[in-house]
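Asks: First the structure, which I've put down as structure tokens, then a few questions once you've had a look.
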Amino acid sequence: MSPGATFERVYDAIKQMLLDGELSPGTPIEPAVIGREIAASITPVRDALHRLTGERLVEAPNHNGFRVPLLSEAALRDLYQWNGRVLGLAARQVQPASDTRIQHSGSVQEITATLFLRVAQATESAELVATVRSLNDRLAIVRKAEVASLPVIVEEITGLGSIIAAGDRIALTAALTRYHRRRITAVAGTVAHMIRPTRR
């Protein structure tokens with residue numbers, strides 16, 4: 001396998017661990033341990049972790065090792081607000097989808113990420129698409145915790161999907177505002193679920 005192919009395999013594997021919540025928020029990431037788990041040498045593991053640090057999925061505090069970010073209530077509130085602003089900007093430009101069927105396969109976080117990416121793609125702005133992709137990645141583990149901290153979340157996402165498919169900008173803007181306000185109100189519960197230990 002070429003060095004480039006090895007790096008991409010390692011990067012994809014570690015990123016998926018982060019998105020799935022297999023690496024607990026706030027815990028150190030040991031490159032040697034990760035390397036043994038995914039059958040890779042330490043160099044591509046470190047290179048992948050540096051890239052993921054640039055994507056803000058990993059932290060390197062004071063350049064002293066790596067760790068999984070642990071969002072405080074204030075930081076999560078800020079992230080929700082930024083996500084809301086980005087999607088609000090996109091919503092003002094969205095057009096009705098040519099395919100109005102809403103796909104319900106996958107987890108809630110996967111469906112949510114797909115719907116929000118769909119909003120960005122409808123703007124035909126590459127910058128908005130890239131920003132929403134990045135926010136989807138950073139919020140993946142958060143959305144997993146939301147399932148435990150927010151009631152009737154499936155119904156909420158289903159309704160949001162129908163509004164996105166209809167392309168009604170006013171209704172979509174209002175729905176996105178409600179979506180983010182609800183999560184900002186529930187920040188404490190979401191953070192509490194995020195810090196429960198998973199595999200580490």
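Asks: Within the group LEU87, LEU18, LEU52, which residue is touching a residue at least 60 places away in the same chain (Cβ under 8 Å) and closer than 14 Å to ASP137 by Cα?
Replies: Testing whether each residue is touching a residue at least 60 places away in the same chain (Cβ under 8 Å) and closer than 14 Å to ASP137 by Cα leaves just LEU18.
Asks: Could you tell me how many of the residues in the stretch 56-69 are surrounded by 15 or more Cβ atoms within 10 Å (Cβ to Cβ) and out of contact with any Phe, Trp or Tyr (no Cβ under 6 Å at 6 or more places or on another chain)?
Replies: Selection size over the stretch 56-69: 6.
Asks: Sort through ARG46, ARG77, ARG85 and tell me the only one that's within 21 Å of ALA192 (Cα to Cα) and either among the basic types (Lys, Arg) or part of a helix (DSSP H, G or I) (or both).
Replies: The conditions single out ARG77.
Asks: Separate question: What helices (runs of 4 or more DSSP H) lie completely within the stretch 97-191 and have 2 or more residues being over 27 Å from LEU23 (Cβ atoms), open to solvent by 40 Å² or more (accessible area, probe 1.4 Å) and touching a strand residue (DSSP E or B) at 6+ places or on another chain (Cβ under 9 Å)?
Replies: Output list is empty.
Asks: Follow-up question, since we're still on this one. Filter the stretch 18-29 down to the residues that are open to solvent by less than 20 Å² (accessible area, probe 1.4 Å) and of a type outside the set (Gly, Ala, Ser), then identify the one that is farthest from ALA48 (Cα to Cα).
Replies: PRO25
The values are calculated or read from the model by the stated rules, or taken from the named source; none is laboratory data. The structure displayed is predicted, hence computed values, not measured ones. With ideal geometry, Cβ positions are generated from the backbone for all residues, glycine too; neighbour counts draw on all protein chains shown. SASA here: full protein model, heavy atoms, side chains in, ligands and nucleic acids out. Shrake-Rupley method; radii C 1.70, N 1.55, O 1.52, S 1.80 Å.
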